[in-house]
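Report on the structure given below.
The values are calculated or read from the model by the stated rules, or taken from the named source; none is laboratory data. The shown structure was predicted, so the numbers you read here are calculated from the model rather than taken from an experiment. Positions of Cβ are backbone-derived with ideal geometry, glycine not excepted, and every protein chain shown enters the neighbour counts. Accessible surface areas use protein heavy atoms only, side chains included; no ligands, DNA or RNA. Shrake-Rupley method; radii C 1.70, N 1.55, O 1.52, S 1.80 Å.
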Amino acid sequence: MRKPVIAANWKMNKKVDDAQAFLDQFIPLVWNEKEIDIVIAPPFTVLHTVANLLKITSVSLAAQNMYFEEKGAFTGEISPAMLTDIGCTHVILGHSERRAIFGESDELINRKIGAARNFGLEVIFCIGETLAEREAGKTFDVLKKQIQAGLKEIPHNGIIVAYEPVWAIGTGKTATTAEAQEAHEFVRARLADLYGKAADETRILYGGSVTPESIDTLMACPDVDGALVGGASLKADSFARIVKYNK
Ligand code: PEP
């Protein structure tokens, strides 16, 4: 039985006051949701504030990125040790915006995943094809390569995979349930190539314009174990509704 995960990716949004106002409203709305793992990934600058506000809750704190080194001359970077020190239990790695805008390669992402796991951070590992790749019939090739390279020599525990078709991120275009299920089933089969039976325990999240309106049908897919939510996680009532899908 895979426990669902609903994760918020705030991206480069919210200052300290905004984060505080969000949590003041959000926490009472989800206080009793014990059957779902809820994760919030704020920007680095509000991790400290959010960590303090989440202390007495079961909501987990994630970072949106990190570097693989522990410390040293890496100007502008944040290490896994710094993230655990501030109270993060999770980190998002391989997000398509990191891949496309900041040029992150599968190999770099693999090193980051290894470092995160060495420090006990659970990794939300993002993969997904672009529109051009889907239209060229390359979706499965892309997913297979990202999985094989990103998870090379990484043990299965502590890995959550997020399938995020790039054409659905921030576009208002959600994958159909058939498209999502087909991709998730393929991802689980490729995880089984690496991990055998343990792939049945790996949570695979869907990400890409998830809304309170689309979450119920997505969560009804047998291989969709949760969601990584960008835009619709910025408002407390909308994110709480996604957490409480089917209620
Ligand atoms: C994301 O950035 O991971 C994401 C899925 O964004 P959105 O929900 O806004 O498409």
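If R0 equals 22 Å, the separation of the Cβ atoms of Asn32 and Lys235 corresponds to a calculated FRET efficiency of about 0.65. Close amide H pairs (under 5 Å, H built 1.01 Å from N) link Ala227 with Val5, Ile6, Ala7, Tyr206, residues at least 5 positions away or on another chain.
Loop-located chymotrypsin sites (Phe, Trp or Tyr not before Pro) in segment 52-104 (DSSP state other than H, G, I, E, B) with a sparse environment of at most 15 neighbouring Cβ atoms within 10 Å: Phe74.
Expressed in nm to one decimal, what extension gain is obtained for the pair Lys3 and His48 from 0.36 nm per residue of sequence separation less their Cα-Cα distance? Could you put the intermediate results ahead of the total?
Values: separation 45, 0.36 × 45 = 16.20 nm, distance 2.69 nm.
Additional length available on full extension: 13.5 nm.
Cross-link pairs exceeding 29 Å in C-alpha to C-alpha distance, out of Lys15/Lys112; Lys14/Lys144; Lys55/Lys145, comprise Lys14/Lys144; Lys55/Lys145.
Quantify, in whole percent, the carbon and sulfur part of the accessible surface of segment 5-243 (1.4 Å probe; protein heavy atoms only).
53
Charge dipole (Cα centre; +1 on Lys/Arg Cβ, -1 on Asp/Glu Cβ; no other charges) of the chain amounts to roughly 220 debye. Take Asp193, project a point 7 Å from its Cα along the Cβ direction, then tell me which residues of segment 87-125 have their backbone nitrogen under 18 Å from it. Residues 106-107, 110 qualify, since their backbone N sits under 18 Å from the label point.
Restricting to DSSP loop positions (anything but H, G, I, E, B) with no more than 15 other Cβ atoms inside 10 Å of their own Cβ, which chymotrypsin sites (Phe, Trp or Tyr not before Pro) remain in segment 8-58?
Trp31
In this structure segment 5-243 gives 45 Å² per residue of accessible area when probed at 1.4 Å with all protein chains present.
The residue list Ile215, Ala19, Ser238 was ranked by how far each Cα lies along the charge dipole of the chain toward its positive end, using unit charges on Cβ atoms, and Ala19 comes out on top. Just flag the GluC sites (Glu not before Pro) in segment 64-148 sitting in loop per DSSP whose Cβ has no more than 13 other Cβ atoms within 10 Å. Sparse-neighbourhood loop GluC sites (Glu not before Pro): Glu70. Cα centroids of segment 89-166 and segment 39-87: 19 Å apart. FRET efficiency for the Ala21 to Thr84 pair, using the beta carbon distance and R₀ = 25 Å, is estimated at 0.40.
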